[in-house]
Amino acid sequence: MKIELEDNKIYFENKGLKKEIHPFWLRERVNGEEFLDKGTQQRLFDPTHLDNNILINKAIITKKFLEINFNDGVNLKLEIERLAQEFSNEDNTIKSIKKIKWDSSLKKFKNFNYENNFFESKKLHDLLISFYQFGFVIIKNVPTEDNFIVKFANSIGSVRRTNFGEYFDVKSKPAPNDLAYTSLHLSPHTDNPYRNPVPCIQLLHCIQNEVSGGHSTLVDGFTVTEDLKIENPDLYKILTEVKVKFKFIDKEVVLEDWSELIKLNDDKTFKQVRFSPRLDYVPVLDKEKLDMYYRARKKLSEMYNSEKYRIEFRLEPKDLLMMDNYRSLHGRTSFDTNEGDRFLQGCYIDYDSTEGKLKHLKRKLNL
Ligand SMILES: [Fe+2]
């Protein structure tokens, strides 16, 4: 990659491809004290108020810097390296972390220990990388007092409040508004599929666990759907195309959102799964298409519920499970309330929290 100067025009050359850099694009990047606040790196001027006809009067390229004098009298001195960084336009912080497929053979996964200064540590950096690799992570030794879950969430980013509140208590209770608040077995599902946007990450903190059942279960939606794509491409395809309605009703709210069960990015790679077969409503389609759709949904459900893909483990008090609600499906085995108490607290955060924290730690720790 190279920055070149020719007849007062700046060129960017990469892999034999040479393109002129628009003078206005460069003018927007003036960084002198009167143009850029050093602390926030925010502009002190509004580029939409500038004359569009910005030209370069004079430019010099040295080893490290590009210096320009524009026709409105303003000067720019920009580090070539920073300019080059901007040209590798893509934000690779998360994309560069390769997702690791896993199934029930995943016996040993790395746990992390909560400790002092955890939120500014290399350990949290490594934890976040592991989270993006596997779609979940377990943190041990997290204090259980004073709704610490909220403090934990807000120390990574910000709690995403839902109609279940800032955080929610998971214990069996009379007249529950969700099956989570019973002692019943819960098959693998994703949370809040009826929300727009769906909360990205769920935190679940074990406060008390005196029962022998109530094990947590996890399934990797990425592994399952990638396998389905190979084993049965037609069924996979229809699940990536048909949008179904997810619906949740409570006394004070009706929440609805439409989505495919397997949502893809523009480049057809995995983006998100939603699965909650008690809450989805399939649209009216041609009978043949619905035949196919119901077959596909059944197949997907069989895979999500199969032992081949499920890991099962017991959460002990002070364990905090952090799971990607766009990738992991979670559930639990049933338990007997006569054996004692089982009490978990949960809340949600969004991807901007984990991404923001990861970028901050990389910057701070020079990683
Ligand atoms: Fe859930």
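General observations
- Candidate set from the stretch 138-167 (those that are part of a strand (DSSP E or B) and modelled with pLDDT under 95); member that is nearest to the ligand (Cβ to nearest atom): T162
- Within the stretch 1-120, helices (runs of 4 or more DSSP H) holding 1 or more residues that are outside the structural domain of V219 (by TED's automatic domain parsing) and more than 29 Å from L358 (Cβ to Cβ): 23-27
- Some residue of the stretch 102-109 being of a type in the set (D, E, K, R) and in contact with a Phe, Trp or Tyr (Cβ under 6 Å, 6 or more places away or on another chain): yes
- Whichever residue in the stretch 279-293 is in contact (Cβ under 8 Å) with a residue 12 or more places away in the chain and over 29 Å from the mean Cα position of the chain (by Cα) and, among such residues, is nearest to F246 (Cα to Cα): L285
- Odd one out for N154 among (1) surrounded by fewer than 17 Cβ atoms within 10 Å (Cβ to Cβ); (2) free of Cβ contacts under 8 Å to residues at least 40 places away in the same chain; (3) farther than 25 Å from F131 by Cβ: (3)
- The strands (runs of 3 or more DSSP E) falling completely within the stretch 319-366 that include 3 or more residues that are away from the ligand (no atom under 14 Å from the Cβ) map to 342-349.
- In the stretch 186-195, residue nearest to the ligand (Cβ to nearest atom) [restricted to those that are of a type in the set (S, T, Y) and part of a loop (DSSP other than H, G, I, E, B)]: T190
- Qualifying residue in the stretch 46-55 (condition: over 22 Å from Y11 (Cα atoms) and among the aliphatic types (A, V, I, L, M)): yes
- Residues satisfying the stated conditions in the stretch 73-106, i.e. in contact (Cβ under 8 Å) with a residue 12 or more places away in the chain and closer than 30 Å to N305 by Cα: I94, I97, K98, K99, I100, K101, W102, D103, S104, L106
- Residues of the stretch 4-40 that are under 35 Å from the mean Cα position of the chain (by Cα) and among the hydrophobic types (A, V, I, L, M, F, W, C): F12, L17, I21, F24, W25, L26, V30, F35, L36.
- Restricting attention to the stretch 201-214 and to residues that are modelled with pLDDT of 95 or more and within 15 Å of the ligand (Cβ to nearest atom), the residue that is nearest to the chain's Cα centre (by Cα) turns out to be I201.
- Just one of the listed residues (V198, V170) is in contact (Cβ under 8 Å) with a residue 60 or more places away in the chain and either more than 13 Å from the ligand (Cβ to nearest atom) or closer than 21 Å to E316 by Cα (or both), and it is V170.
- Of all the listed residues (S276, S183), the sole one being within 16 Å of the ligand (Cβ to nearest atom), assigned to a loop (DSSP other than H, G, I, E, B), surrounded by 15 or more Cβ atoms within 10 Å (Cβ to Cβ) and more than 26 Å from the chain's Cα centre (by Cα) is S183.
- Residue check for N232: within 16 Å of the ligand (Cβ to nearest atom), polar (S, T, N, Q), over 22 Å from the mean Cα position of the chain (by Cα) and at negative phi: no
- Candidate set from the stretch 308-348 (those that are surrounded by 21 or more Cβ atoms within 10 Å (Cβ to Cβ) and of a type in the set (K, R)); member that is nearest to the chain's Cα centre (by Cα): R327
- Lone unmet requirement of (1) under 25 Å from the mean Cα position of the chain (by Cα); (2) within 16 Å of the ligand (Cβ to nearest atom) for V224: (2)
- Of all residues in the stretch 60-76, those that are exposed (fewer than 14 other Cβ atoms within 10 Å of the Cβ) and of a type outside the set (S, T, Y) total 7.
The values are calculated or read from the model by the stated rules, or taken from the named source; none is laboratory data. Note that the coordinates shown come from a computational prediction; the quantities given were computed from them, not determined experimentally. Note that we place each Cβ from the backbone using ideal geometry, even for glycine, and neighbour counts take in every protein chain shown.
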